[in-house]
Amino acid sequence: MKQTERQTIKILCDIGILLTALLAGAVLFVLIGGTGGKVCLGAAVLLTTAAIGDLSRRMRKKPEQKTAPEKKEEMFAVRELVLLNEKNKPLKSWELSGQTALIIGRKNKDEEVDVDLGDCEYGAFVEPQHAVLNFSRERWYLEDISQENGVRVKKAEDGIIYRLAGRPCRVGAGDVIYIANTRLLLT
């Protein structure tokens, strides 16, 4: 049953209660008379007033409408970082759920990284600590921490490739991170 149909049924029930209370009060007032009749009439008026109040509230109230799911959550719900080949096929992936920060770079004897791109085709151009992904306030941010080669991001919403310059960039699902011609898709 639809919300509008339920609303209509409730309004009709309130009208029925209203009419029944008025009729019962009037009949009892005539039959009983005196103080008892006045008490019955008072009760009928009280029920009628309550029914009128409920009826007017229902008639003013607009039917509840279902809203679309929260777009913010869907837009920034990044779960995985996927390494892509030249034909956009996934080669490797890293789980992001539960993470707060990931260092992207090339593993070496002195430094560990969370996302190792050293064995990629362009791995020689990836610095040991090239970029960092940080999770803050329910969103992911990418920051370029490289010295030479830089980081670029192709934003899903406009398809434009931006070069990161000195400050973190908010990223979301569908964005592609470019590190030394290596492409990482956020999904």
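The values are calculated or read from the model by the stated rules, or taken from the named source; none is laboratory data. Quick caveat: nothing in here was measured; it's all calculated off a predicted structure. Because the Cβ atoms are built from the backbone with ideal geometry, glycine has one as well, and the counts that use them run over all protein chains shown. Just so you know, the surface numbers come from the protein's heavy atoms only, side chains and all, with ligands and any DNA or RNA stripped out. Shrake-Rupley method; radii C 1.70, N 1.55, O 1.52, S 1.80 Å.
Does region 74-88 include one or more residues that are within 30 Å of W140 (Cβ to Cβ), in a helix (DSSP H, G or I), open to solvent by 50 Å² or more (accessible area, probe 1.4 Å) and at pLDDT below 75?
Pass one, region 74-88, residues within 30 Å of W140 (Cβ to Cβ): 74-88.
Keeping just the survivors that are in a helix (DSSP H, G or I) gives 74-76.
When the remaining residues are screened for being open to solvent by 50 Å² or more (accessible area, probe 1.4 Å), the result is 74-75.
Next, from what is left, pick out any that are at pLDDT below 75: 74-75.
Yes, there is a match, as at least one residue in region 74-88 is within 30 Å of W140 (Cβ to Cβ), in a helix (DSSP H, G or I), open to solvent by 50 Å² or more (accessible area, probe 1.4 Å) and at pLDDT below 75.
G174 passes all but one of (1) out of contact with any Cys (no Cβ under 9 Å at 6 or more places or on another chain); (2) within 19 Å of A77 (Cβ to Cβ); (3) in a strand (DSSP E or B); (4) open to solvent by less than 60 Å² (accessible area, probe 1.4 Å); which number fails?
(3)
Return the total of residues in region 104-141 being open to solvent by less than 60 Å² (accessible area, probe 1.4 Å) and either β-branched (V, I, T) or over 35 Å from the mean Cα position of the chain (by Cα) (or both).
Total meeting the criteria: 11.
Would you say A180 is at pLDDT 95 or above, crowded, with 17+ Cβ neighbours inside 10 Å and of a type in the set (G, A, S)? Show your work before the answer.
Values: at pLDDT 95 or above: no; crowded, with 17+ Cβ neighbours inside 10 Å: yes; of a type in the set (G, A, S): yes.
It is false that A180 is at pLDDT 95 or above, crowded, with 17+ Cβ neighbours inside 10 Å and of a type in the set (G, A, S).
Among the residues of region 6-16, how many are open to solvent by 90 Å² or more (accessible area, probe 1.4 Å) and closer than 15 Å to T48 by Cα? So that I can check it myself, show each step before the final result.
Here is the first cut: in region 6-16, the ones open to solvent by 90 Å² or more (accessible area, probe 1.4 Å) are 6, 10, 12.
Filter once more, keeping what is closer than 15 Å to T48 by Cα: 12.
The qualifying residues number 1.
K62 fails exactly one of the following numbered conditions: (1) at pLDDT 70 or above; (2) part of a loop (DSSP other than H, G, I, E, B); (3) among the basic types (K, R). What is the number of that condition?
(1)
When you scan region 142-157, how many residues do you find that are in a loop (DSSP other than H, G, I, E, B) and open to solvent by 70 Å² or more (accessible area, probe 1.4 Å)?
Here the count works out to 3.
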